[in-house]
């Protein structure tokens with residue numbers, strides 16, 4: 001059985017790949033943010049923009065998050081999923 005966070009991660013990454021395939025690398029963060037929000041809305045995903053995320057260091061817990069760097073030739077090289085720790 002697929003965990004809910006895995007299913008959600010797959011949806012978010014799919015949306016990011018769609019945006020990256022249309023825009024490519026090299027634009028400002030704000031452009032990717034706007035397009036990613038639009039794509040996630042199209043897919044019916046609920047999200048918050050620019051939500052603060054605590055940083056984990058030496059055992060301090062990090063909440064669920066996905067870091068996406070759009071400034072790469074292949075988006076899979078710029079995706080890092082972080083769940084409850086580094």
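The values are calculated or read from the model by the stated rules, or taken from the named source; none is laboratory data. In this text the structure is predicted, and so the values were computed from the model without any measurement. In this analysis, Cβ positions are derived from the backbone assuming ideal geometry, glycine residues included, and neighbour counts consider all displayed protein chains.
A few comments on the model shown:
- Among residues of segment 7-55, those that are under 15 Å from residue 79 (Cα atoms) and assigned to a helix (DSSP H, G or I), counted: 18
- Among the residues making up segment 1-24, those that are touching a helix residue (DSSP H, G or I) at 6+ places or on another chain (Cβ under 9 Å) and surrounded by 15 or more Cβ atoms within 10 Å (Cβ to Cβ) are 12, 13, 15, 16, 17, 18, 19, 20.
- First in segment 4-30 and in contact (Cβ under 8 Å) with a residue 12 or more places away in the chain and at positive phi, second anywhere and surrounded by 12 or more Cβ atoms within 10 Å (Cβ to Cβ) and outside any helix (DSSP H, G or I), Cβ under 8 Å, 6 or more apart: 26/71
- Some residue of segment 56-79 being within 15 Å of the chain's Cα centre (by Cα), surrounded by 12 or more Cβ atoms within 10 Å (Cβ to Cβ), modelled with pLDDT of 85 or more and assigned to a helix (DSSP H, G or I): yes
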